[in-house]
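The structure appears below as structure tokens.
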Amino acid sequence: MLRAGRSLRLLPNYLVLTLLLAFALGPLVVLVFNSLKSAAEIGRDPLGPPSEALWSNYLRAWEIGRFSVTTRNSLILVAGTVAGVLLLGGMAAYSLARMNLRGAGVVMLYLLVTTTLPIQLFLVPLFFLWRHLGLVDNLLGLIIIYVAVNCPFAIFLLRAYMLHIPTDFEDAARVDGAGEWQGFTRIIVPLSWPGFLTVGLVVALSVWNEFLLALTFLTDESHFTVVTSYYNFTTQFSRDWSLTSAAAVMMIFPIVVTFLLLQRRFVEGLTSGGLKM
């Protein structure tokens, strides 16, 4: 009786969770269905399952979208940005958290204010500056922008971790002759690895999905990313939604797999950093 009564009390919770699950997974299911249909069948039934699965859509989307090239470019951007953000953001966070710098509060306020400003505000002057420096249509130039955009988030989160690491470890290392760099690399970084992992995941996902900056600063098709490759499925008067859906599935598949594999570490690192701040 007690278990039956408890189940009845929890029934509204289950209904709400079921609705939220359907709301979250429904578009993905429809996307997978449409990726296996022909363009004509999508016009007749855009929401239902395919009458016959056309797995060849994925091969055609891969070839037309030039995913062998765009995936390589996106991986280069992700790897370069994550490495730059973890290195520069980690060192900046360590300086602000451990070295008692004068004006550290002003720096944190400046970072907080600048992160609230939209990147579109700086897009035109940044484009002219990058063109003058020869960094337009250059993956390195885009990596520099991505690093600058994502570093404030990394500094905030990593500084929160480092502030709550006891200084006894560093004091013991200094007694043994360790310097600031050794204390950072051998003590602070290993103890803050959940924060570094969380920052790496968030930055990697944002760069993989970024569209505006990639579209603005990359003009040569050989430098396009997986997101900008969607233009290859558009003609003058129409778009092939079956190939577009197949391309979308291939684009989000690595993201979903990565998140599922590292979900526990990701949530743990993000919530721990938030609580420590």
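The values are calculated or read from the model by the stated rules, or taken from the named source; none is laboratory data. Please read all numbers here as calculations on a predicted model, not as lab measurements. So basically every Cβ, Gly included, is an ideal-geometry build from the backbone, and we count neighbours across all protein chains shown. Side chains included, ligands, DNA and RNA excluded: accessible areas come from the protein's heavy atoms. Shrake-Rupley method; radii C 1.70, N 1.55, O 1.52, S 1.80 Å.
Here the spin labels are modelled as points 7 Å beyond Cα on the Cα-Cβ line, and at PHE128 and LEU101 they lie 3.1 nm apart. Taking every C-alpha pair closer than 8 Å and separated by at least 6 residues, the mean separation divided by the residue count of region 16-78 gives a relative contact order of 25 percent.
Loop-resident chymotrypsin sites (Phe, Trp or Tyr not before Pro) (DSSP state other than H, G, I, E or B) in region 132-218 with no more than 15 further Cβ atoms inside 10 Å of their Cβ: PHE211. Protein-only accessible surface at a 1.4 angstrom probe places the residues THR18, THR71 in the order THR18, THR71, largest first.
With the simple spin-label model, which puts each label point 7 Å out from Cα in the Cβ direction, the ARG60 to ASP45 separation comes to 1.9 nm. The order of HIS223, HIS164 by accessible area, most exposed first and with a 1.4 Å probe, is HIS164, HIS223.
Span-like helix criteria (full DSSP H runs; alpha carbon extent of at least 18 Å along the helix axis; mean Kyte-Doolittle hydropathy of at least 0.0) are satisfied in the chain by 2-35, 67-98, 139-163, 193-209, 241-261. The figure for VAL256 is an accessible area of roughly 70 square angstrom, using a 1.4 Å probe on the protein chains alone. For the chain, a simple Cβ point-charge model (Lys and Arg +1, Asp and Glu -1, everything else neutral) yields a dipole of about 700 debye relative to the Cα centre. With both labels modelled 7 Å from their Cα along Cα-to-Cβ, the SER206 to HIS164 distance reads 2.1 nm.
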